[in-house]
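A.B. asks: Have a look at this one before I ask anything.
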Amino acid sequence: MDFKPSPERQILFDTLKKYFENEYSLSDRNIAAHSDLGYSKKAWEAMRDLGILESLIDPELDGFGGTALDISTVFEALGRGLVVEPFLEVGILAAKVLSKGNEAQKSLVKKILENECLPILAHSETDTEYSKSFVETKLSVEADGSYKISGTKRMIKHASEATHFLVTCRNTGDASSKEGISIACIPTDREGIKIDSFATIDGGRVSDLTFTNVNISSEELVGELGMSYSIVSHAIDTGILAICSEALGIMERIKELTLEYLKTRKQFGVPIGKFQAIQHRMAQLLVEIEQARSSVINATIYFDDETEREKTISAAKFSIGKIGTLVAEESIQLHGGMGMTWEYDLGHYAKRLVLIDHEFGDEDFHLQKYISL
Amino acid sequence: MDLNFTKKQENFQIEVRSFLNDNLEPQVVEKVKNGIPITKEDSERWHQKLNEKGWLAGTWPKKYGGKEWDVVEKFIFEEECGSAGAPRIVPFGVGMLAPVLMKFGSQEQRDYWLPRMLTGEDWWCQGYSEPGSGSDLASLKTSAVRDGDYYIVNGQKTWTTFAQHANMIFCLVRTSNEGKPQEGISFILIDMNSPGIEVRPIITLDGSHEVNEIFFSDVKVPVKNLVGEENKGWTYAKYLLTHERTGNANVAVSKRKIQKLKKLADDAKKNEQPLSNDPMFASRLAQIEIDLQNLEITNLRTLASVENGEAPGAESSIIKILGSEIEQDIDNLTRKSLGKRAFVNEPDALSTGYNGAEVFPKAAAYASGKYFNHRKKSIYAGSNEIQKNIISKLMLNL
Ligand SMILES: Cc1cc2nc3c(=O)[nH]c(=O)nc-3n(C[C@H](O)[C@H](O)[C@H](O)COP(=O)(O)OP(=O)(O)OC[C@H]3O[C@@H](n4cnc5c(N)ncnc54)[C@H](O)[C@@H]3O)c2cc1C
């Protein structure tokens, strides 16, 4: 049995880790993450030059990676760096959807790699429905065979700069039915689209999108009319694997920061790490983070197994949600006032870690899903 | 056992309620209820209204403008304020320094400083913590050296809440390096406008500005601003801390927040059902409610013992731990119940001049920010670990 990554992936991870440590300053990141754009175009371009996007995309679409192992390796490194640029939204969600499309849509993936477009998946609707099949945005078929869509998408990350939206919509079935879901790939300047965007607590902008009678041609559907649930579902599962790996990278970084602090911060004449009450808390964090890592490994191994994927993905997302919040809260507490400051790195890692539980289903949702599978 | 209020207490409760009803500004209540920070001016206007009624410092003796409330009346007042969404009375002057001056200050100090707290002429802040001295407060280094009629103060304080608003600070300073560290500490009052003081903001992880660093270089403080005796400051400081920790139960505030959370959960949908019907959510909520009901009784038991003349000792540590953790649990569940909306951070959404997109529900504007900001509750006023050390030592004799 061997849990070591392949030498190539280890090199990729180490290269990225070093790059983020040396070139991706957290204070610059924080300024960009809370700016009107929500990330840094300069950092985005510099990181693209490293080949990060290629490592997320299949060779047949001009990438050189795209497997579950590639994705978890890269996202763990992105988590360590607390990277806010849209690798998840563009490199995973949009690219996975477009890779199932027609030739024109597939060529958009190549354009992503050439930095010529920024497509964004617009799927999530109400704030508290996490089900992958929850779609109320309406697709109506017009007399001439073209379509119109109307509806609202909420909390779409990095949407304000997008060139294309991949909009999920339905022409038949109940709100949560897997049948009847289509995806439309449209340029964002199409008439009838309104964007309201908000600042976020963990960096990046989110937007509510309103579509009012937006015209769609039949060539703009990704996949067959009403048959695209499996495309969205697979893209989101890949997204879950990615952010669970990101969370692992964050937790490892938090562990390092906290351990360092316990060894250097002195009160009552000794490093606070000498207090047994503190030692046990830190030891517990280590135990939990090891469990989190195992859950992600499990999800990675079974990712291509159609019968096991959803169950191991839900198990991982549940574990990451539960453990992530604990790690964030405990690490702040163990730092005392220092953990509360903007100036110090920890808080920014903690915020992202907690908010990962709000993306693609929280711990409760995935526990219930696990039970149902 | 009798958990009922007396007739007199009931009447007082009714009076408080109607006062709040008539005097609270809806726009400020809206901010408080949505967890959004209020401005200095919001606080000042509210203090003034309370002062006109004689309720800004209800527990004070009548001769200083108080109403001599007992613990139950204080409790009733705070509970009613909490549930109405009134701004919290900024505690540093009326709630913290005043009891110290009344017990240990000179008559001249009382006559001068107490009225100014009521009128709002002075805004106080608390200068205890230093970069090297948080939990181990007695190790503090900021020094005050006697020079004729003045002390010359040098050093640094940190985490000072609202120092940016304050014109006065009460400080613990080192006046002696002899003996145990506790034995060389004095309690002095410093004018924030003195030459040699610099205040720098510390921004917290949620992006707000409530705490600061303060640098003192050769700051001249008149000797008459020493409270009590030189090198006895530790006793006064500890006396103040027990005052700081009581009133940490926050039961009414937590109850109001639970009501708000229930409403959010009724309106939100999960699996096409109200979130409040979700068994996982319902179980989390019920556990918090039970914890809070228990705390309400635990808190009343503590109050009853104080009413009977027993001093609140380590019991105030129990209340501090529970009060902070339960409020954190509610903030946690509120954030969770907002689902994806919890990403939003627009704390200005309820202020005039906000021109961004409307945040709906309003609670989402700052719910995550509040959740992170309230991690402070288990850190300040003596961290919860320190409270457990106190319980271990004083109640368990371990
Ligand atoms: C938002 C905010 C507002 C504040 N406002 C004020 C203010 O207005 N005025 C003021 O003077 N101070 C203020 N404080 C400071 C506050 O009182 C201190 O942060 C607190 O005492 C903890 O000190 P520290 O931050 O230095 O943490 P440390 O003392 O360094 O503690 C770090 C960690 O070690 C733990 N620890 C320390 N010693 C022990 C031990 N013996 N056993 C077990 N665990 C231990 C702590 O519990 C904590 O988890 C504020 C703090 C915050 C966060």
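A.B. asks: Have a look at A:Ile320, A:Ile186, B:Ala381 and report the one farthest towards the positive end of the charge dipole of the protein assembly as shown, computed about the Cα centre with Cβ charges (Lys/Arg +1, Asp/Glu -1).
C.D. replies: Farthest along the dipole direction, towards plus: B:Ala381.
A.B. asks: Also: Please average, across the residues of A:337-347, the number of beta carbons from any other chain that are within 10 Å of each residue's own beta carbon, and give a whole number.
C.D. replies: That average works out to 6.
A.B. asks: Calculate the FRET efficiency for B:Thr242 and B:Glu41 from the Cβ-Cβ distance with a Förster distance of 30 Å, rounded to the nearest 0.05.
C.D. replies: FRET efficiency, B:Thr242 to B:Glu41: 0.40.
A.B. asks: Assuming R0 = 35 Å, what is the FRET efficiency of B:Gln287 and B:Gln9, from their Cβ-Cβ distance, to the nearest 0.05?
C.D. replies: 0.70
A.B. asks: Same structure, new question: Among A:Phe13, A:Ser294, B:Pro91, whose Cα lies farthest out toward the positive end of the dipole of the protein assembly as shown, if unit charges sit on the beta carbon of Lys, Arg (+1) and Asp, Glu (-1)?
C.D. replies: B:Pro91
A.B. asks: Now for a separate question. Give the separation of the Cα centroids, region A:1-79 to region A:120-159, in Å.
C.D. replies: Region A:1-79 and region A:120-159 have Cα centres separated by 29 Å.
A.B. asks: Okay, moving on. Which one, B:Gly313, B:Gly196, B:Gly356, has the greatest fluctuation when you compute a Gaussian network model over chain B with C-alpha springs under 10 angstrom?
C.D. replies: B:Gly356
A.B. asks: Give, in nm to one decimal, the length gained when the segment between A:Glu179 and A:Glu308 is fully stretched (0.36 nm per residue of separation minus the Cα-Cα distance).
C.D. replies: Computed gain between A:Glu179 and A:Glu308 is 44.3 nm.
A.B. asks: Same structure, new question: Gap in Å between the Cα centre of region B:125-189 and the Cα centre of region B:338-357?
C.D. replies: If we compute the Cα centre of each part, the gap is 39 Å.
A.B. asks: Placing unit charges on C-beta atoms (Lys and Arg positive, Asp and Glu negative, everything else neutral), compute the dipole magnitude of region A:299-360 about its Cα centre in debye, rounded to 20.
C.D. replies: 180
A.B. asks: Let me ask something else. Return the average number of partner chain Cβ atoms within 10 angstrom of each residue Cβ along peptide B:340-352.
C.D. replies: 6
A.B. asks: Let me ask something else. For A:Lys132, what residues show an amide H to amide H distance below 5 Å, using hydrogens built from the backbone and excluding near sequence neighbours?
C.D. replies: Close amide H contacts, sequence-distant or interchain: none at all.
A.B. asks: Calculate, for B:Ser176 and B:Asp267, the FRET efficiency according to 1/(1 + (r/R0)^6) with r their C-beta to C-beta distance and R0 60 Å; round to the nearest 0.05.
C.D. replies: The computed FRET efficiency comes out at 0.50.
A.B. asks: What is the local net charge at B:Lys141, summed over the other residues whose Cβ is closer than 12 Å to its Cβ (Lys, Arg +1; Asp, Glu -1)?
C.D. replies: 0
A.B. asks: Moving to a separate point now. Name the long-range amide H neighbours of B:Lys270: under 5 Å, sequence gap of 5 or more, or other chain; modelled H, no Pro or chain starts.
C.D. replies: Amide H to amide H, under 5 Å and 5 or more residues apart or across chains, B:Lys270 pairs with B:Leu275.
A.B. asks: Taking the Cα centre of chain A as origin, sum charge times position over the Cβ atoms of Lys and Arg (+1) and Asp and Glu (-1), and report the length of that vector in debye to the nearest 20.
C.D. replies: 1060
A.B. asks: Which of A:Thr188, A:Thr238, A:Thr307 moves most in a GNM of chain A, Cα contacts under 10 Å?
C.D. replies: Top of the fluctuation ranking is A:Thr307.
A.B. asks: What size of dipole, in debye to the nearest 20, comes out for region B:164-273 about its Cα centre when the only charges are +1 on Lys and Arg C-beta atoms and -1 on Asp and Glu C-beta atoms?
C.D. replies: 720
A.B. asks: Additional query: Indicate, rounded to the nearest 5 percent, the antiparallel portion of the DSSP beta bridges found entirely in chain B.
C.D. replies: Restricted to chain B, the bridges split so that about 85 percent are antiparallel.
A.B. asks: With the crude spin-label approximation of a point 7 Å out along Cα→Cβ, what separation in nm comes out for A:Gln291 versus B:Arg17?
C.D. replies: With each label point 7 Å from Cα toward Cβ, the separation is 4.6 nm.
A.B. asks: Now, a different point. Positive end of the dipole of region A:119-227, charges at C-beta (+1 Lys, Arg; -1 Asp, Glu), about the Cα centre: which of A:Ser207, A:Ala122, A:Asn171 has its Cα farthest in that direction?
C.D. replies: The Cα lying farthest towards the positive end belongs to A:Ser207.
A.B. asks: Then there is this: In nm, to one decimal, how far is the A:Tyr19 label point from the A:Lys110 one, both placed 7 Å along Cα→Cβ?
C.D. replies: Here the modelled spin labels are 2.3 nm apart.
A.B. asks: What's the angle, to the nearest 10 degrees (0 to 90), between helix B:40-53's Cα axis and the longest principal axis of chain B?
C.D. replies: Roughly 80 degrees, rounded to the nearest 10.
A.B. asks: Another one. Angle check, please: helix B:107-119 long axis (alpha carbons) against the longest principal axis of chain B (alpha carbons), in degrees 0 to 90, nearest 10.
C.D. replies: Around 30 degrees separate the two axes.
A.B. asks: Please give the contour-minus-distance gain from A:Glu8 to A:Ser230: 0.36 nm per residue of separation, less the Cα-Cα distance, rounded to one decimal in nm.
C.D. replies: Here the segment from A:Glu8 to A:Ser230 would lengthen by 76.8 nm.
A.B. asks: Okay, next question. Determine the shielding of peptide B:129-139 by partner chains: average, over its residues, the number of Cβ atoms on other chains within 10 angstrom of each Cβ.
C.D. replies: Average neighbour count from other chains, rounded to a whole number: 3.
A.B. asks: Taking 7 Å along the Cα-to-C-beta vector as the label spot, tell me the A:Gln279-A:Asn215 distance in nanometres, rounded to one decimal.
C.D. replies: Distance between the two pseudo-spin positions: 7.3 nm.
A.B. asks: In chain A, which helices (entire DSSP H runs) extend 24 Å or more along their own long axis, judged by Cα positions, while averaging at least -0.5 on the Kyte-Doolittle scale?
C.D. replies: Passing helices, by number: A:229-264, A:276-301, A:309-335.
A.B. asks: In whole angstrom, note down how far apart the Cα centers of region B:1-30 and region A:216-285 are.
C.D. replies: When both Cα centres are located, 46 Å separates them.
A.B. asks: Which whole-percent values make up P(r) of chain B when all C-alpha to C-alpha distances are grouped in 20 Å steps starting at zero?
C.D. replies: Bins of 20 Å from zero give 25, 58, 17, 1 percent of pairs.
A.B. asks: Mean residue ellipticity at 222 nm from the helices of chain B, using -39,500 (n - 2.57) per DSSP H segment of n ≥ 4 over the full residue count, to the nearest 500 deg cm²/dmol?
C.D. replies: Theoretical 222 nm ellipticity from helices: -13500 deg cm²/dmol.
A.B. asks: Net charge around A:Glu125, counting only other residues with Cβ within less than 9 Å of its Cβ (Lys, Arg = +1; Asp, Glu = -1)?
C.D. replies: Overall, the nearby charge balance is -1.
A.B. asks: Under the 0.36 nm per residue contour assumption, what length would be gained going from the current alpha-carbon distance of B:Arg200 and B:Ile297 to full extension?
C.D. replies: 30.7 nm is the gain from fully extending B:Arg200 to B:Ile297.
A.B. asks: What does the highest-first list of B:85-94, B:329-338, B:175-184, A:90-99 look like by mean Cβ count within 10 Å?
C.D. replies: A:90-99, B:329-338, B:85-94, B:175-184
A.B. asks: Compute the long axis of helix B:71-84 from its Cα atoms, compare it with the longest principal axis of the Cα atoms of chain B, and write down the angle in degrees, 0 to 90, nearest 10.
C.D. replies: Roughly 50 degrees, rounded to the nearest 10.
Coordinate-derived values only; no laboratory data. From a predicted model like this one, the values you see are computed outputs, not experimental measurements. Virtual Cβ from ideal backbone geometry, glycine too; neighbours counted across all protein chains shown.
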